[in-house]
Amino acid sequence: MAKPMKTTEQTEVSEAQIAVHWKEEAYYQPSEQFKAQANLQDPRIFDRFGLDKFPDCFREYADMLTWFEPYHTVLDTSDAPFWKWFAGGKINASHNCVDRHLAKYGNKAAFIFVPEPEAERDMVITYQELYDRVNELAAMLRGLGLKAGDRVTFHMPMVPELPVTMLACARLGVIHSQVFGGFSGQAAVRAANELGQDVDKVLVWQRYAGKYSAKTPMVSGRDFFVNDLLKEHKGKQLEPVALPSEAPLFLMYSSGTTGKPKGAQHGIGGYLAYVTATSKWILDIHPEDTYWCMADIGWITGHSYIVYGPLANAATSVLYEGVPTFPDAGRPWRIAERLGVNIFHTAPTAIRMLRKLGPQEPRKYKYHFKSMTTVGEPIEPEAWRWYYDEVGKREAVITDTWWMTETGGFLATTVPAIHAMKPGSCGPAAPGIHPVIYDETGAEVPKGSGKAGNICIRNPWPGIMQTIWGDRDRYVKTYFSKYNQNPRSKDWRDWPFLCGDGALQAADGYYRILGRIDDVINVAGHRLGTKEIESACLTVPEVAEAAVVPVQDEVKGRVPEVYVALKPGVAPSQAVIDRVIKANEEVIGKIARPKHVYIVPDMPKTRSGKIMRRVLAAISNRRDVGDVTTLANPDVVEQIRIMVQGKDTQTTQDALPEDIAKFGQVE
Ligand code: WTA
């Protein structure tokens, strides 16, 4: 049994304890007031979206959109598992997010941009203004020769120009690919190259128009200021292009098991239908609400639930430029109070940070949330309760939404007016999503068994990615091969989608997510591939070998810790450590900054020469390394242990969280 924990101890809680806690968790009920106003109140929805009604049930999602031409086939499986949703339909995402709202909501705010400096004024962008800006920019992009099917890579922070540029691309059918702002410029250029693009033009948005703030000089003939180019397109209008439902809308890069990031390709009709319906039913967005998702647009959460889903529902959405704790941990609550935010959406890492720095701050402000969301990582019951009691003031419902880049939108979550909440557990599956947990042999792990396995989705759904950009084989291999029995099958029942997480299902049907089963470290909700980090370390000339492991972190969930062995004759020095840190920041981004870099005399290795990351992970997480006598160099383990933990043993007996315990097993 987990002991009641003092606040100061709560961050030490192990996942095993959470599991115990989780079983004890009481249900929390949504208020009658919330239920009465919710978009989705009827529990019979789950009959309507039963597997026996698949795929036709998803017509209801497509009906939330405006189509230029109707689709003839809900789900075309002829090229399984490359699903085509709403085939035959013609549609435009920019039209659905902007134009169709003008008559009714033209003067209503689409975005309220809140700059990071608190003294700077908000900028309200109405749907009419959004329309004007998107049209001008689309005209400018077309003037540069861009047309449907071309690709544009963005590397932009949280400014209104980012959604404007996305929607301008969508208007033309140009595929956009946004590199998360936490990644470096180098990473952005790499991503562009992945798309087969040589960077031939660089368009620069200025944070303050007319003021050049970058250190890097502009390259004449290649680099242009958008504001200069826009001048000749002022006031222009450009009809949205009617595009096939299955044309790609955007690519979103995420880390995978190999060093090469994968570009998840999302198509227009299916994706837009899915994020529109889930924004309406799960986030419960009404056009009258003021919604704030405090995520980065460069992350899939921002694409789906700041830009496309909310705008398709005519939302008023807050766009905050800065970090939640600037200048202090009261900032989000001041913004919420001032703007009357009533739906709030963020990640556990931000919740933990705000709790740590200002546990009582929410009490000082008179905002009222009706609904709050968490996304990106498992949330500990302790943090959940603070979110519920303090941030939500016991009035707001919480949805813990579990999903991933590849899935476009929510997979498992409560429907807030229908289900009770259970801290630490995301909930049952979203309507029309039918998960199954398989063990390694492909046998189903039954609910209530207390056993975990690999969570898959039995059926396709409209939000699912279409493929990995330019790599059909990798798509099939990564997401389907493990449990597909018949690679020639055209029947969707033969293609369960492997989500990449370990999970277990309680007797009540609620899922608890344990974390990634691949070599991916989830840092503050952002996926970093271990191979990417190791390759970055190897760009430092002195480094011979590098291994990275995840370490539990009080705020960020997991952080990378790096071990390097140096080339013969190179002496260990702080300078080398600094270069390794710098390499990670430059090649990947600040988010990949290692917590520690240890220079070791040698890596612990098997006799066949493989680095035992599992052993390093145990050392970094202050756990017992287990039996290492079969290693080629067992002595080095003790040397490394002393280097990291000090002479006295400091291991804890707590079970390691599943993702760390399994880390490095697939070598
Ligand atoms: C993790 C983010 C527990 C999970 C939308 C998944 C979660 C990865 C949750 C995807 C949640 C996301 N509870 N874990 N509510 N949401 N995850 O692609 O391990 O950046 O596989 O998409 O985050 O991260 P991604």
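Among the candidates GLY263, GLY269, the residue that is farther than 22 Å from TYR105 by Cα and either free of Cβ contacts under 8 Å to residues at least 40 places away in the same chain or within 14 Å of the ligand (Cβ to nearest atom) (or both) is uniquely GLY263. Of the residues screened, GLU116 is one that is open to solvent by 30 Å² or more (accessible area, probe 1.4 Å), over 29 Å from PRO462 (Cα atoms), touching a residue at least 40 places away in the same chain (Cβ under 8 Å) and not in a strand (DSSP E or B). Annotation: PRO541 fulfils all but one of (1) more than 15 Å from the ligand (Cβ to nearest atom); (2) at pLDDT below 90; the unmet one is (2). The residue list ASP624, ASP602 contains one member that is part of a loop (DSSP other than H, G, I, E, B), modelled with pLDDT of 90 or more and more than 30 Å from the chain's Cα centre (by Cα), which is ASP602. For the range 558-566, the criterion of being more than 16 Å from the ligand (Cβ to nearest atom), open to solvent by 20 Å² or more (accessible area, probe 1.4 Å) and either more than 17 Å from ILE588 (Cβ to Cβ) or more than 21 Å from the chain's Cα centre (by Cα) (or both) is satisfied by at least one residue.
Going by the conditions given, is VAL548 more than 30 Å from TYR27 (Cβ to Cβ), away from the ligand (no atom under 13 Å from the Cβ), buried (at least 23 other Cβ atoms within 10 Å of the Cβ) and without any contact (Cβ under 8 Å) to a residue 40 or more places away in the chain? So VAL548 fails the test.
Taking the range 373-384 as the range and being of a type outside the set (Asp, Glu) and either at pLDDT below 95 or closer than 15 Å to ALA420 by Cβ (or both) as the test, the residues that pass are GLY376, PRO378, ILE379, PRO381, ALA383, TRP384. Filtered by the rule that a residue be touching a strand residue (DSSP E or B) at 6+ places or on another chain (Cβ under 9 Å) and either open to solvent by less than 70 Å² (accessible area, probe 1.4 Å) or at positive phi (or both), the range 623-655 gives LEU631, ALA632, ASN633, VAL636, ILE640, VAL644. The criterion of being within 13 Å of the ligand (Cβ to nearest atom), open to solvent by 30 Å² or more (accessible area, probe 1.4 Å) and not hydrophobic (A, V, I, L, M, F, W, C) holds for ASP296. Quick one: in the range 374-396, of everything that is open to solvent by less than 10 Å² (accessible area, probe 1.4 Å) and closer than 18 Å to VAL555 by Cα, which residue is farthest from the ligand (Cβ to nearest atom)? The selected residue is VAL391.
Rundown of residues vs (1) open to solvent by less than 30 Å² (accessible area, probe 1.4 Å); (2) within 15 Å of the ligand (Cβ to nearest atom); (3) of a type in the set (Lys, Arg), yes/no style:
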residue	(1), (2), (3)
LYS422	yes, yes, yes
VAL436	yes, no, no
THR441	no, no, no
GLY448	no, no, no
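Residues in the range 397-413 that are of a type in the set (D, E, K, R) and either open to solvent by 10 Å² or more (accessible area, probe 1.4 Å) or near the ligand (Cβ under 6 Å from one of its atoms) (or both): ASP400 only. Taking the condition in contact (Cβ under 8 Å) with a residue 40 or more places away in the chain, over 22 Å from ASN92 (Cβ atoms), crowded, with 21+ Cβ neighbours inside 10 Å and not hydroxyl-bearing (Ser, Thr, Tyr), does ALA170 pass? So ALA170 fails the test.
Among strands (runs of 3 or more DSSP E) entirely within the range 463-531, having at least 2 residues that are β-branched (Val, Ile, Thr), in contact with a strand residue (DSSP E or B) (Cβ under 8 Å, 6 or more places away or on another chain) and open to solvent by less than 40 Å² (accessible area, probe 1.4 Å) singles out 520-523. Residues that are of a type in the set (D, E, K, R) and assigned to a helix (DSSP H, G or I) within the range 274-312 comprise just one, LYS280. Taken as a whole, the condition of being more than 23 Å from the chain's Cα centre (by Cα), open to solvent by less than 10 Å² (accessible area, probe 1.4 Å), touching a residue at least 60 places away in the same chain (Cβ under 8 Å) and closer than 19 Å to TYR320 by Cα applies to ILE335.
On the basis of being buried (at least 22 other Cβ atoms within 10 Å of the Cβ), assigned to a helix (DSSP H, G or I) and at pLDDT below 95, does ALA138 make the cut? No. Just a yes or no: is a residue in the range 469-484 away from the ligand (no atom under 16 Å from the Cβ), farther than 24 Å from TYR598 by Cβ and of a type in the set (S, T, N, Q)? Checking the range 469-484: at least one residue is away from the ligand (no atom under 16 Å from the Cβ), farther than 24 Å from TYR598 by Cβ and of a type in the set (S, T, N, Q). Scanning the range 584-594 finds no residues that are open to solvent by less than 10 Å² (accessible area, probe 1.4 Å), without any contact (Cβ under 8 Å) to a residue 60 or more places away in the chain and part of a loop (DSSP other than H, G, I, E, B).
The set of residues from the range 511-524 being within 12 Å of the ligand (Cβ to nearest atom), closer than 26 Å to GLU440 by Cα and in contact (Cβ under 8 Å) with a residue 40 or more places away in the chain comprises TYR511, ARG512, ILE513, LEU514, GLY515, ARG516, ILE517, ASP518, VAL520, ASN522.
The values are calculated or read from the model by the stated rules, or taken from the named source; none is laboratory data. As the structure is a prediction and not an experimental result, all values here were calculated from the model. Heads up, the Cβs are rebuilt from the backbone with ideal geometry, glycines too, and the neighbour counts pull from every protein chain shown. Heavy atoms of the whole protein, side chains included, go into the accessibility calculation; ligands, DNA and RNA do not. Shrake-Rupley method; radii C 1.70, N 1.55, O 1.52, S 1.80 Å.
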